[in-house]
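The values are calculated or read from the model by the stated rules, or taken from the named source; none is laboratory data. Just so it is clear, the structure is predicted and the values come from calculations on it, not from any experiment. Here Cβ is always computed from backbone atoms with ideal geometry, including for glycine, and neighbour counts include all displayed protein chains.
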Amino acid sequence: TNPINGRDIIGNPNLKITELENFDFRWEWYFGFSDYASVGVFYKEFENPIESSIVGSTQRAGTYINAEGAENFGVEAEIYKRLDFLGDNFLNGIGEDFYIQANASAIDSEVVISEEDLGVLTSSSRPLQGQSDYLFNLQIGYEPASGTTATLLYHYYGERIYEVGIETAPDLVEQPFGELNFVFIRSLSDDLNMTIKARNLTDQRNEISQAGYINFGYNKGRAFSFQLDYSF
């Protein structure tokens, strides 16, 4: 049973292994001591991609199916910049210990639907299940020479198909979602490191819609962990 939506999960013994071909081109520019920027394009071609689907128009169960194929074409950009440009007069030169890293992607996704499935699947044209049309990541980090690091990470993605609809039942669509995480690492000695992690600090609600209306929603909840690593 799926703990999120309460549906039973039915296995599919006829699933095929997904095959993937990936092509990408990236231009990178390095400047300063460790700063860089990059822009890239990519193309992915899937054969027999596996997708999550509802079972029947009553939507009381879920399963996994193979689409005939899918294509993803996208562009991505990334930048990494230390804040040393703030100068030595800004908080005693603390800017050189901070950095900002960001990347964003825009993806055009299209599933190839077989003639056999056209009469079963509700949507005749749609993106690959689970594929957002845009993604964004932002990371702000603190890395002094003392062996302590602190990182704040934000991840955001656009709407994506949660489950493929069949037999006139519309696709279930996950709404755009953002997650904020924090990681703190401190070297206590040459052999001992401490790590503290906090996940999903904002605890934004995940909402799943169908035909333009919210079908259900859930909160992942916040998670915290503490870890000690000792090297012999």
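Pairs meeting the criteria (first residue in the range 81-106 and closer than 23 Å to H155 by Cβ and among the hydrophobic types (A, V, I, L, M, F, W, C), second residue part of a loop (DSSP other than H, G, I, E, B) and modelled with pLDDT under 90, beta carbons under 8 Å, at least 6 apart or on different chains) are F98/L83; F98/E143; I100/L83.
Scan S53, S124 and give me the residue that is at pLDDT 85 or above and either farther than 30 Å from D191 by Cα or assigned to a helix (DSSP H, G or I) (or both).
After applying the criteria, what remains is S53.
Taking the range 18-48 as the range and being at pLDDT below 95, surrounded by fewer than 11 Cβ atoms within 10 Å (Cβ to Cβ) and either polar (S, T, N, Q) or not in a strand (DSSP E or B) (or both) as the test, only F33 passes.
Within the range 95-140, the set of residues being over 13 Å from the mean Cα position of the chain (by Cα), charged (D, E, K, R) and surrounded by 15 or more Cβ atoms within 10 Å (Cβ to Cβ) comprises E96, D97, E110, D117, R126. When Y230, Y213, Y157 are checked against the criterion of being within 19 Å of the chain's Cα centre (by Cα) and of a type in the set (S, T, Y), Y157 stands alone in meeting it.
Looking only at residues of the range 94-121 that are outside any strand (DSSP E or B) and of a type in the set (G, A, S), we find that the one that is modelled with the highest pLDDT is S114.
Being farther than 18 Å from E51 by Cβ, touching a Gly at 6+ places or on another chain (Cβ under 9 Å) and in contact (Cβ under 8 Å) with a residue 24 or more places away in the chain is true for just one of R160, R186, R205, R222. Which residue is that? First the steps, then the outcome.
Numbers: R160 fails: farther than 18 Å from E51 by Cβ; R205 fails: in contact (Cβ under 8 Å) with a residue 24 or more places away in the chain; R222 fails: touching a Gly at 6+ places or on another chain (Cβ under 9 Å).
On inspection, the qualifying residue turns out to be R186.
The residue that is farthest from E179 (Cα to Cα), counting only those in the range 110-141 that are touching a residue at least 40 places away in the same chain (Cβ under 8 Å) and of a type in the set (D, E, K, R), is D117. Residues that are in contact with an Asp or Glu (Cβ under 6 Å, 6 or more places away or on another chain) and of a type in the set (G, A, S) within the range 207-232 comprise G217, S231, listed in sequence order.
Out of the residues in the range 182-223 that are among the aliphatic types (A, V, I, L, M) and within 23 Å of N2 (Cα to Cα), which is modelled with the lowest pLDDT?
Step one: of the range 182-223, the residues among the aliphatic types (A, V, I, L, M) are 183, 185, 188, 192, 194, 196, 198, 201, 208, 211, 214, 223.
This time we only want the ones that are within 23 Å of N2 (Cα to Cα), so: 208, 211, 214, 223.
Numbers: I208: 94, A211: 87, I214: 92, A223: 97.
Checked the range 182-223; the qualifying residue modelled with the lowest pLDDT is A211.
Going by the conditions given, is N72 at positive phi and modelled with pLDDT of 90 or more? No: the conditions fail for N72.
Within the range 190-232, being polar (S, T, N, Q) and surrounded by 13 or more Cβ atoms within 10 Å (Cβ to Cβ) holds for N193, T195, N200, Q204, N206, S209, Q210, N215.
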